[in-house]
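The values are calculated or read from the model by the stated rules, or taken from the named source; none is laboratory data. Predicted, not measured: the structure shown is a model, and the values here were computed from it. Positions of Cβ are generated from backbone atoms using ideal geometry, with glycine treated the same way; all protein chains shown enter the neighbour counts.
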Amino acid sequence: MPEISRDEVAHLATLARIELSDNELDHLAPQLSVILESIASIAEVAAADIPPTSHAVPLTNVFRADEPRPSLTAEQALSGAPESEQQRFAVPRILGDEQ
Amino acid sequence: MTAGDLVRRSAADLAEALASGETTSVALTQACLDRIGAVDGAVHAFLHVDAEGALAQAAASDARRAAGAPASALDGVPIAVKDVLATGGLPTTCGSKILEGWVPPYDATVVARLKAAGLPILGKTNMDEFAMGSSTEHSAYGPTHNPWDLDRIPGGSGGGSAAAVAAFEAPLAIGTDTGGSIRQPGAVTGTVGVKPTYGGVSRYGLVAMANSLDQAGPVTRTVLDSALLHEVIGGHDPLDSTSIDQPLPALVEAARLGAAADMSGVRIGVIRELGGEGYQAGVQQRFDEAVQLLVGAGAEVVEVSCPSFVHALAAYYLIMPSEASSNLARFDAMRYGLRVLPEGPDGLPLASPSAEEVMRATRDAGFGDEVKRRIILGTYALSSGYYDAYYGQAQKVRTLISRDFAAAFEKADVLVSPTAPTTAFRIGEKLDDPLAMYLNDIATIPANLAGVPGLSLPAGLAPEDGLPVGFQVLAPALADDRLYRVGAALEALLEKEWGGPLLEQAPALAEEGTAR
């Protein structure tokens with residue numbers, strides 16, 4: 001039976017880039033265990049020869065004509081940005097201190 | 001005719017009133033805005049009301065009509081839009097703090113089509129954060145209240161759209177349905193809601209929760225109104241690569257045909273797995289009575305079995321969070337939305353935080369509990385080592401569910417079930433029990449997994465609590481017209497029994513302030 005530990009939830013939160021508080025970790029871990037337990041039965045349902053369905057409408061390679069058309073201006077694209085500079089998104093540093 | 005009467009009329013009626021010159025779009029839009037002003041303090045269906053914009057669109061509509069050139073059958077009939085669709089120049093929050101104050105620089109295709117057809121947009125409706133929930137309690141801006149009983153939930157995630165229509169604040173609204181978010185709110189508020197065939201209505205500009213399941217559709221008070229609205233918003237869109245490049249079936253025609261309530265030659269399949277145990281007695285009773293009305297109108301009723309449906313909820317709660325965890329990665333505090341600067345252990349802002357630290361702090365502050373639960377669950381299901389056991393298996397179950405539908409549609413033209421297992425529950429009742437909340441969608445989820453269309457319409461009030469019960473009709477992919485034919489027939493049969501629309505039986509809401 002899948003049981004998800006507090007440490008595992010903390011690790012998943014790191015992967016998902018969410019800083020969870022101790023309090024949140026305490027209540028999320030048991031809730032997620034209950035949810036996982038209820039969906040665990042799925043592991044035994046479908047046989048190996050059943051093809052997976054990722055999408056209800058089987059479409060592949062949908063193309064449209066490659067024609068120029070109006071797009072957002074830089075001002076429009078930046079209108080919701082928390083910070084911008086020289087017509088670009090301004091972001092916090094992306095490298096470590098030493099790099 | 002008073003403004004109060006105007007807001008209670010169907011969109012089809014209002015379209016005729018506009019065409020005959022009995023009223024104007026400005027008068028009608030003002031009547032809706034007044035009603036919003038009078039009751040939305042109690043209902044809280046709207047997150048944002050755009051009185052100025054709606055009245056300007058209404059005036060333009062009246063000018064078009066005066067010039068003899070209305071843009072569509074619904075030109076001038078106002079509408080409310082769920083806050084998950086991008087509206088250029090109008091705030092779009094998805095019920096989340098992470099998008100508070102965001103104003104999109106473009107329109108979703110559905111919104112662009114509403115504008116092109118001349119429907120004034122009254123405002124944006126409340127929803128569970130990022131459409132994750134069945135009660136609208138997960139909105140970061142507070143819950144919406146069910147107009148039938150303000151202590152109860154209006155369903156979710158599109159509780160705002162359903163409540164706006166049920167409270168006569170708007171004749172029409174747009175919802176989105178990933179696992180039942182149009183149909184279940186319709187059921188518990190006594191309104192009509194339609195989830196079109198997947199790919200039948202463009203998803204361009206619809207903020208994605210689970211791309212392979214999300215579908216926008218009509219929220220209305222009558223089946224005909226849904227058909228009229230569906231024809232405005234539906235059809236191929238080159239901006240959505242999953243949009244189906246085929247003409248829509250004749251939906252309005254099907255609804256008008258259905259209203260004659262002749263069901264001879266129509267085969268109706270009752271889904272054995274969606275009923276009985278786990279369904280409230282009064283819900284089951286009203287459903288069974290409605291099926292008998294269809295039999296009385298000449299329908300042939302058969303029982304069908306869809307054995308894989310018992311696994312639909314589990315498959316859904318793996319596929320949906322997996323897609324959501326990936327989709328919501330876009331809220332990274334860099335290009336739009338909230339940016340929160342992290343604090344060190346001393347409580348002071350970090351001197352030079354990294355982008356990753358900013359993302360983590362922002363996503364903790366900006367997302368609510370349910371969104372975090374689903375992102376973590378999806379991240380888990382997609383982790384190496386678990387992927388095959390969970391996500392892979394869920395995709396196989398999806399195949400089995402599609403096969404069950406295909407077999408059932410060999411025996412029946414449409415399938416039917418109760419829309420939701422219970423009537424509206426009390427606000428707060430299931431908030432701390434996510435699993436109990438998820439069970440609300442048990443009857444609606446299979447259609448999303450298979451991409452088939454579904455409609456919910458009111459079937460009456462449950463005898464034990466006097467609250468609305470929903471009746472669900474499902475059709476094969478691309479046969480949305482069948483929903484309207486059978487839905488309109490049942491609506492006509494039921495209204496004959498009730499002596500009018502079910503919403504006429506709803507308690508009157510106290511009006512504040514603006515008495516006219």
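A few points about this structure:
- Residues in region B:21-53 that are small (G, A, S), within 23 Å of B:K115 (Cβ to Cβ) and either at pLDDT below 95 or not in a helix (DSSP H, G or I) (or both): B:A45 alone.
- Selection count, region B:397-424, where residues are among the aliphatic types (A, V, I, L, M) and within 14 Å of B:A475 (Cβ to Cβ): 6
- Test set (1) in a helix (DSSP H, G or I); (2) free of Cβ contacts under 8 Å to residues at least 24 places away in the same chain - B:D245 fails condition number: (1)
- For the residues B:L382, B:L377, B:L400, the requirement of being within 11 Å of chain A (Cβ to nearest Cβ), more than 24 Å from A:I4 (Cβ to Cβ), out of contact with any Asp or Glu (no Cβ under 9 Å at 6 or more places or on another chain) and of a type outside the set (S, T, N, Q) singles out B:L400.
- Taken together, B:A510, B:A479 contain a single residue that is assigned by TED's automatic domain parsing to the domain that holds B:A12 and among the small types (G, A, S), which is B:A479.
- Flag for B:L150 being touching a strand residue (DSSP E or B) at 6+ places or on another chain (Cβ under 6 Å) and modelled with pLDDT of 95 or more: no
- If the condition is being touching a residue at least 12 places away in the same chain (Cβ under 8 Å) and within 17 Å of the chain's Cα centre (by Cα), then region A:9-31 contributes A:V9, A:A10, A:A13.
- If you go through region B:350-378 and keep only what is part of a helix (DSSP H, G or I) and over 26 Å from the mean Cα position of the chain (by Cα), you end up with B:A355, B:E356, B:E357, B:V358, B:M359, B:R360, B:A361, B:T362, B:R363, B:D364, B:A365.
- Candidate set from region B:422-440 (those that are within 17 Å of the chain's Cα centre (by Cα) and modelled with pLDDT of 95 or more); member that is surrounded by the most Cβ atoms within 10 Å (Cβ to Cβ): B:A424
- Complete set of residues in region B:343-368 that are touching a helix residue (DSSP H, G or I) at 6+ places or on another chain (Cβ under 9 Å), modelled with pLDDT under 95 and at the interface with chain A (Cβ under 9 Å from one of its Cβ atoms): B:P353
- Here B:L439 does not fit the description of being among the aliphatic types (A, V, I, L, M) and within 9 Å of chain A (Cβ to nearest Cβ).
- Looking across region B:79-103, the residues that are closer than 23 Å to B:A60 by Cα, over 17 Å from the mean Cα position of the chain (by Cα) and assigned to a loop (DSSP other than H, G, I, E, B) come down to B:G88, B:G89, B:P91.
- Options B:L18, B:L14, B:L74; residue that is crowded, with 16+ Cβ neighbours inside 10 Å and in a loop (DSSP other than H, G, I, E, B): B:L74
- Boolean, B:A329 is of a type in the set (G, A, S), more than 7 Å from chain A (Cβ to nearest Cβ), surrounded by fewer than 18 Cβ atoms within 10 Å (Cβ to Cβ) and without any contact (Cβ under 8 Å) to a residue 60 or more places away in the chain: yes
- A:S84 satisfies every condition listed in (1) modelled with pLDDT under 95; (2) out of contact with any strand residue (DSSP E or B) (no Cβ under 6 Å at 6 or more places or on another chain) except (1).
- Options B:F405, B:F367; residue that is touching a Pro at 6+ places or on another chain (Cβ under 8 Å) and surrounded by 19 or more Cβ atoms within 10 Å (Cβ to Cβ): B:F405
- Within region B:468-493, the set of residues being part of a helix (DSSP H, G or I) and under 18 Å from the mean Cα position of the chain (by Cα) comprises B:D480, B:L483, B:Y484, B:G487.
- Of B:G142, B:G156, all but one fail to be surrounded by fewer than 24 Cβ atoms within 10 Å (Cβ to Cβ) and over 21 Å from A:H55 (Cα atoms); the exception is B:G142.
- Scope region B:333-342; condition at the interface with chain A (Cβ under 8 Å from one of its Cβ atoms) and surrounded by 19 or more Cβ atoms within 10 Å (Cβ to Cβ); matching residues: B:A333, B:M334, B:Y336, B:G337, B:L338, B:R339, B:P342
- Filter result for B:S139 (in the same structural domain as B:R65 (by TED's automatic domain parsing), part of a helix (DSSP H, G or I), among the polar types (S, T, N, Q) and in contact (Cβ under 8 Å) with a residue 40 or more places away in the chain): no
- B:I319 meets the conditions (1) touching a strand residue (DSSP E or B) at 6+ places or on another chain (Cβ under 6 Å); (2) within 23 Å of B:N448 (Cβ to Cβ); (3) of a type in the set (V, I, T) in every case but one. The failed one is (1).
- B:L274 within 25 Å of the chain's Cα centre (by Cα), not assigned by TED's automatic domain parsing to the domain that holds B:A208 and not β-branched (V, I, T): no
- Within the set B:S264, B:S305, B:S322, the sole residue that is under 30 Å from B:W102 (Cβ atoms) and polar (S, T, N, Q) turns out to be B:S322.
- Helices (runs of 4 or more DSSP H) wholly inside region B:379-465 that include at least 2 residues being among the small types (G, A, S): B:393-411, B:445-450
- Scan of region A:19-34 for residues that are surrounded by 12 or more Cβ atoms within 10 Å (Cβ to Cβ), within 11 Å of chain B (Cβ to nearest Cβ) and farther than 21 Å from B:L318 by Cα, ordered by number: A:E19, A:L20, A:E24
- Members of region B:191-216 found to be β-branched (V, I, T), touching a His at 6+ places or on another chain (Cβ under 8 Å) and within 14 Å of chain A (Cβ to nearest Cβ), listed by number: B:V201
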